[in-house]
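> For reference, the structure I am asking about is given below.
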Amino acid sequence: QVQLVESRGGLVQPGGSLRLSCAASGMFFSISTMGWYRQAPGKQRELVAAITSINNTNYADSVKGRFTISRDNAKNTVSLQMNSLKVEDTAVYYCNRALAGRTIWGQGTQVTVSS
């Protein structure tokens, strides 16, 4: 059974940086599309960034140039480097795996950007 476990988020000041990691158990990680989503209070869950099996990436316009998604197939991990964080980046961040029409979610981790 595939499980996704995100690293702990945290409290960061505006302009700061934070790196999230997600460890995936199970098979077929290298051929999966991995993504990071977020959900702020009162808002719908939205895609932040995704990376395909051939390392094509896609970013939400709001994070382009600030966030970077990467993957390590040897370690079955996907990471999200977040720089120049803004208050509006505050949300619960979820790791996601998509493969053959099936989607799996991590439990989510809180990121709070505040002074």
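> Can you pull out every residue in region 47-56 that is polar (S, T, N, Q) and exposed (fewer than 14 other Cβ atoms within 10 Å of the Cβ)?
N55, N56
> Sticking with this structure for a sec: Output the residues belonging to region 1-29 that are of a type in the set (S, T, Y) and open to solvent by less than 60 Å² (accessible area, probe 1.4 Å).
Those that are of a type in the set (S, T, Y) and open to solvent by less than 60 Å² (accessible area, probe 1.4 Å): S7, S21, S25.
> Consider region 57-67. How many of its residues are aromatic (F, W, Y) and loosely packed, with under 10 Cβ neighbours inside 10 Å?
Result for region 57-67: 0.
> Further question: Report yes if some residue within region 32-42 is over 19 Å from G15 (Cβ atoms) and open to solvent by 80 Å² or more (accessible area, probe 1.4 Å); otherwise report no.
Yes; the residues of region 32-42 include at least one that is over 19 Å from G15 (Cβ atoms) and open to solvent by 80 Å² or more (accessible area, probe 1.4 Å).
> For region 80-89, check the following and say yes or no: at least one residue is closer than 22 Å to V2 by Cα and β-branched (V, I, T).
No: region 80-89 contains no residue that is closer than 22 Å to V2 by Cα and β-branched (V, I, T).
The values are calculated or read from the model by the stated rules, or taken from the named source; none is laboratory data. Just so we're clear, the structure is a prediction, and the values are computed from it rather than from any experiment. Note that each Cβ is placed from the backbone with ideal geometry, even for glycine, and that neighbours are counted across all protein chains shown. Just the protein is used for accessible areas: all its heavy atoms, side chains included, with ligands, DNA and RNA removed. Shrake-Rupley method; radii C 1.70, N 1.55, O 1.52, S 1.80 Å.
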